[in-house]
Structures are given as structure tokens and as C-alpha cells.
Ligand code: PLP
Ligand code: TYF
């Protein structure tokens with residue numbers, strides 16, 4: 001039956017892990033996938049998550065189905081975390097929200113909803129570059145994908161003029177996808193004043209802002225600061241949509257906990273959006289998994305656990321920031337040709353090193369160091385034990 005099915009390429013990010021696993025070297029490092037590692041290079045289960053899980057076991061939680069839109073307490077707390085408790089759409093009961101299968105599931109529901117109901121446009125503009133999965137998931141949901149300028153290779157920073165010009169040039173009512181914080185893969189974010197300008201342009205052009213927030217807390221260690229763009233746009237009256245993931249900030253990768261929410265004009269509009277979200281979700285997966293949502297709900301809904309969690313996110317963010325400083329210092333000490341300030345100034349899980357695909361290949365071959373071919377590294381994979389080895393190998397690769 002499948003004689004004509006062509007062989008497809010592996011996922012460019014998850015494929016790196018496959019190559020890493022096959023390498024026997026004891027020095028090997030996997031900087032491919034964005035998953036936090038502790039100071040010893042191990043996956044990290046947050047202490048607040050462990051406590052919440054113990055509570056769930058003690059309470060003898062059952063395994064019944066959730067409603068189509070998920071756990072109600074989770075949805076409320078996820079919305080409060082992102083928008084703030086005092087946010088107008090929450091207080092006025094006009095936020096439509098559903099639990100989702102992590103951030104990817106949120107994006108998929110959002111794109112399907114836009115494909116079905118957004119009347120102005122079927123074109124979504126994503127930054128160049130963007131998280132690789134954005135493009136196929138938008139296309140598979142019936143949207144056409146176009147790009148706006150984002151990253152400037154020459155400055156290793158934001159091409160703000162290019163970004164503004166492209167968003168301004170997009171036909172009125174276009175869908176504009178924005179990374180809320182800790183842009184993946186570049187680690188380059190707009191400043192608060194740049195976000196204000198973007199809000200104004202998007203408002204004037206009647207574009208639809210589509211926020212992807214996969215790293216709240218992870219960017220700065222401060223969940224309020226990381227939500228600045230989303231909250232500012234809401235204050236400015238944008239009827240945006242927001243995709244949230246709890247994979248990174250709670251370390252719940254495989255539990256697949258996320259949410260997608262739509263700021264609506266009023267309660268009546270919210271009720272109609274809610275009804276259609278259910279109709280989209282039902283034939284996709286019927287209802288979401290329960291365990292991770294219960295963990296998030298237990299943590300966000302308990303003052304003590306919530307405060308524990310805040311300090312744990314901050315600790316993760318701070319460890320990443322300290323690795324940035326150490327990597328920068330090492331590269332400079334080794335007289336590595338080039339300017340490396342971006343390693344320190346970039347934000348979040350990743351650094352976009354500027355290494356060329358050839359240098360990336362050489363690092364894999366010569367030093368058993370694995371990363372995506374765009375030169376992106378997951379900073380969390382670095383620690384006190386491997387950072388000197390890594391910096392030396394990079395320095396050598398750059399020197400040629
Ligand atoms: N969006 C961005 C920008 C990401 O980097 C990721 C990856 O973590 C996601 C969404 C969704 O990830 P997940 O489906 O694991 O929540
Ligand atoms: O960019 C990353 O590494 C994370 C994790 O298909 C990820 O966002 C990568 C690829 C993928 C799913 C998650």
C-alpha cells in the first residue's frame with residue numbers, strides 16, 4: 001500500500017539527538033534540543049513539581065476524562081499567569097481559553113481556528129528565522145506562511161527597521177506571529193519600547209497579533225517581565241491570541257501541558273469562540289491529558305508552592321545566564337576571532353552563535369559536539385564540567 005510514500009527528512013532539531021546518541025565519545029555534548037539540564041547535565045524535575053505530585057498521589061486522584069477544554073482550575077490559573085490577575089479580559093469574563101497538548105498543540109488549535117474563522121486573511125507572517133515547527137503547523141492548518149525580517153546577521157541582533165517595514169507592508173488584517181519572549185532560535189527580543197512601536201503599527205494596520213509564549217519565566221527569571229509584550233498589547237486593546245507552554249518553565253516537557261486563549265470583545269463573543277474551540281478539538285484528540293494540568297494547577301493555585309516555583313524558575317534562568325558569561329569569557333580569553341558579546345546579550349534557552357554550517361559539522365566530527373546546523377545552541381546543556389571543553393572546541397573551529 002505504501003510503495004509510493006517517499007522517505008521524509010528527520011526533524012532538524014530532534015534529529016540532532018539521534019546523532020548524539022549514536023556517538024560513543026565520553027566527551028560528547030548535545031546542544032540541540034531546548035530542554036533544561038541541571039549543573040551536572042541531568043534532566044531537572046523541579047522540587048515544586050515533586051511536591052505537587054506527592055500531593056496528587058496522597059489525594060488518590062482518579063483518571064477520569066477531562067472536559068474537551070481541559071481542567072477548569074488549570075485554565076483559570078494559566079490565564080492569570082500570562083495576563084495578570086487584574087487583566088481586563090479576565091475580569092470581564094471575555095477570555096476564551098482551552099487547555100492544549102503543550103505549546104505545539106496550542107499553536108495547532110490556534111492555527112486551525114484562524115484557518116476556519118478569521119475572515120480578513122489566511123496569511124500568517126512569521127519571523128525569519130523562527131522555530132522550525134511554526135511553518136509546517138501553520139501550513140497543515142490551511143494558512144499560507146510569509147515572513148518578516150527579524151534577525152540581522154551583521155549585527156547578530158534585531159533588524160528592527162526591517163521588521164517594522166515588513167509588518168507595515170503586509171496587507172491590512174494579516175496574522176502576525178510574535179514570540180512573546182526568548183525568541184527561538186535567535187535569543188534576540190525586541191525591547192519594551194520596540195514592543196510599543198510594534199503594537200502601534202499592528203493596530204494601525206488592523207493586523208491580528210498571534211503570540212507564542214513558550215518561555216515565560218525562562219527569559220529573565222521574572223514571569224511578569226517576560227509577559228510584558230502580551231500584557232501591553234492587551235492593555236492597548238488588541239484582541240490577540242496567546243499560546244502557552246508549561247514544558248520549559250515547569251520542566252513538564254513530556255506531560256504536554258499548554259493553553260491557548262483568545263481575547264474576545266465581550267462575554268457573548270467568548271461563548272461563541274469557546275463553542276468552536278470544542279468543535280475543533282473534539283475530532284483531533286477529544287480531550288487533553290490530566291496529570292500535567294493537575295500539577296500546574298496545584299502549583300499555581302497554592303501560595304507556598306507558587307513562590308517555590310518562582311524561585312526555581314529564577315534559578316534555572318540564572319544558571320543559563322551564568323553559562324553565557326562563562327562562555328563569553330572563555331571565548332575571549334582564547335582569542336577567538338570575532339565579536340562574542342551576543343552570547344551574553346541574547347535571552348532565554350538558546351544562543352545563536354553565528355557558527356557556520358561547516359563549523360557545526362566540524363564540531364560534531366572532531367569534538368562530538370552536536371547542535372543544529374543554524375549554529376543554535378541550547379545554553380542549558382552547558383555546565384562547569386563541559387564548558388571549557390566546549391569553548392576550546394568552538395575557538396578551534398572558528399580559527400579553522
Ligand atoms: N514555540 C516555541 C517558540 C518553542 O520553542 C517551542 C518548543 O519548546 C514550542 C512552541 C512548543 O513546545 P511544546 O509543544 O513542547 O510546548
Ligand atoms: O526548539 C527546541 O529545541 C524546543 C524543543 O519538534 C522542540 O522547542 C524541538 C523540536 C520539536 C519539538 C520541541
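Hey, in the GNM for the chain with a 10 angstrom Cα cutoff, which one of 386, 335, 75 fluctuates hardest? Of the options given, 335 has the highest mean-square fluctuation.
When a/c is below 1.5 the answer is rounded, else prolate if a/b is larger than b/c, else oblate, so apply that to the stretch 1-96 with a ≥ b ≥ c taken from the square roots of the Cα gyration tensor eigenvalues. Here the stretch 1-96 falls in the prolate category. The angle between the Cα long axis of helix 192-204 and the longest principal axis of the Cα atoms of the chain comes to about 50 degrees, rounded to the nearest 10. Pairs of C-alpha atoms in the stretch 94-178 farther apart than 17 Å represent 52 percent of all such pairs. When you work out D = kT/(6 pi eta Rh) for the stretch 65-301 at 4 °C and 1.567 mPa s, using the Kirkwood radius from C-alpha pairs as Rh and the Stokes-Einstein form, the result is 73 µm²/s.
With the highest mean first, a sort of the peptides 2-15, 360-373, 190-203 on other beta-carbon atoms found within 10 angstrom per residue produces 360-373, 190-203, 2-15.
Taking the number of Cβ atoms within 10 Å of each Cβ as an exposure proxy, the fewest-first ranking of 309, 131 is 131, 309.
Normalised by the number of residues in the chain, the mean separation of alpha-carbon contacts (under 8 Å, six or more apart) gives a relative contact order of 26 percent. Each of 63, 147 was scored by other Cβ atoms within 10 Å of its Cβ. Listed from fewest to most, they are 63, 147.
Name the shape class, rounded, prolate or oblate, that the alpha-carbon gyration tensor gives for the stretch 254-312, where a ≥ b ≥ c are the square roots of its eigenvalues, rounded holds for a/c under 1.5, and otherwise prolate holds if a/b is larger than b/c and oblate otherwise. Oblate, because a/c is 1.5 or more while a/b does not exceed b/c.
With respect to the chain, whose longest principal axis is taken over its alpha-carbon atoms, helix 357-367 is tilted by about 60°. As a length-normalised measure over Cα pairs under 8 Å and 6 or more apart, the relative contact order of the stretch 18-98 settles at 16 percent.
Compared with the rule-of-thumb size 2.2 N^0.38 Å for a compact globular protein, the chain has a Cα radius of gyration ratio of 0.99.
Taking a ≥ b ≥ c as the square roots of the eigenvalues of the Cα gyration tensor, the stretch 186-300 is classed as oblate, since a/c reaches at least 1.5 and a/b does not exceed b/c. The ranking of 297, 261, 141 from fewest to most other beta carbons within 10 Å of each one's beta carbon is 141, 297, 261.
Spin-label model, residue 55 to residue 314: label points 7 Å out along the Cα-to-beta-carbon direction sit 2.0 nm apart. Among beta bridges identified by DSSP and lying wholly in the chain, the antiparallel ones come to about 50 percent.
Rule-based calculations on the coordinates, nothing more; no lab input. This one's a predicted model, so the numbers in the text were calculated from it and none came from an experiment. Positions of Cβ are backbone-derived with ideal geometry, glycine not excepted, and every protein chain shown enters the neighbour counts.
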